[in-house]
Amino acid sequence: SGKTRGGLVAALSRSGPILVLGPAKARRAWWQQTPATSYLKVHRILPESAQRADTQPLDEYLEECRTEKRRPLVVVGFELLADYVSVARQIRPSVLVIDELQLLGDWRRWDTIYREDGTKSYERVKTAATEAGTQDRDTRSVAARDISRLPCIELAIGLTATPVDGGRPTRMWGPFDLLTSGGFG
């Protein structure tokens with residue numbers, strides 16, 4: 001449908017670094033299609049297990065972009081999004097592109113904790129630990145929310161080719177909240 005190219009054109013309407021969040025197949029599409037249609041060099045943040053010996057470190061890539069006066073475009077996968085929130089802060093993106101937006105549409109970003117006195121508090125939703133001895137991590141949806149609310153973001157773009165589920169507009173709150181930073185209450 002051309003959504004990668006459309007998202008790139010929209011992202012180029014603003015200056016500054018571009019951060020793209022997407023699943024593995026979208027991450028690959030950005031890496032392959034962007035250099036073919038623009039002057040940008042894409043940097044993919046890969047899990048350690050997928051990195052090769054020649055994988056360029058993020059710091060080196062950002063310095064190269066500064067030296068060559070080229071905008072950084074960094075692509076981060078959904079798979080370990082909670083681990084990459086600090087990377088997003090380091091990039092300081094002015095444009096956030098969320099590819100396959102519907103995959104981050106979970107609205108359950110907070111667990112309600114009911115106290116004995118009848119009041120409530122809220123706690124960030126965590127995932128189950130993946131390995132023995134590891135700490136629980138925030139869910140993808142919570143991590144995406146944190147990234148979408150970075151103060152440096154001027155424009156958030158959501159891409160999807162998946163039709164909206166018939167007649168259930170409440171399902172759109174989660175994705176739209178990532179694009180408008182609390183604009184839907």
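Things to note:
- Residues satisfying the stated conditions in segment 55-107, i.e. over 15 Å from ILE147 (Cβ atoms), open to solvent by 60 Å² or more (accessible area, probe 1.4 Å) and of a type outside the set (Lys, Arg): PRO57, ASP59, GLU60, GLU63, THR67, GLU68, GLN102, TRP107
- Residues of segment 71-97 classified as of a type in the set (Gly, Ala, Ser), part of a helix (DSSP H, G or I) and within 12 Å of ARG27 (Cβ to Cβ), total: 0
- Contact map, segment 1-18: residues that are touching a residue at least 24 places away in the same chain (Cβ under 8 Å) and under 14 Å from VAL42 (Cα atoms) paired with residues that are open to solvent by less than 90 Å² (accessible area, probe 1.4 Å) and aromatic (Phe, Trp, Tyr), Cβ distance under 7 Å, separation 6+ or inter-chain. Pairs shown: THR4/TRP30.
- Residue list for segment 19-43, restricted to those being under 21 Å from ALA82 (Cβ atoms) and either buried (at least 18 other Cβ atoms within 10 Å of the Cβ) or modelled with pLDDT under 80 (or both): LEU19, VAL20, LEU21, GLY22, ALA26, ARG27, TRP30, HIS43
- Subset of segment 39-70 (residues that are assigned to a loop (DSSP other than H, G, I, E, B) and in contact with a Lys or Arg (Cβ under 9 Å, 6 or more places away or on another chain)): TYR39, LEU40, LYS41, LEU46, THR55, ARG70
- Scanning segment 19-29 for residues that are in contact with a Gly (Cβ under 7 Å, 6 or more places away or on another chain) and part of a helix (DSSP H, G or I) gives ALA24, ARG27.
- The set of residues in segment 1-18 being among the basic types (Lys, Arg) and either in a strand (DSSP E or B) or open to solvent by 70 Å² or more (accessible area, probe 1.4 Å) (or both) consists of ARG5, ARG14.
The values are calculated or read from the model by the stated rules, or taken from the named source; none is laboratory data. Since the model is a prediction, treat every value here as computed from it, not as a measurement. As a convention, Cβ positions derive from the backbone with ideal geometry for all residues, glycine included, and neighbour counts pool all protein chains shown. All accessible areas refer to the heavy atoms of the entire protein, side chains included, with ligands and DNA or RNA removed. Shrake-Rupley method; radii C 1.70, N 1.55, O 1.52, S 1.80 Å.
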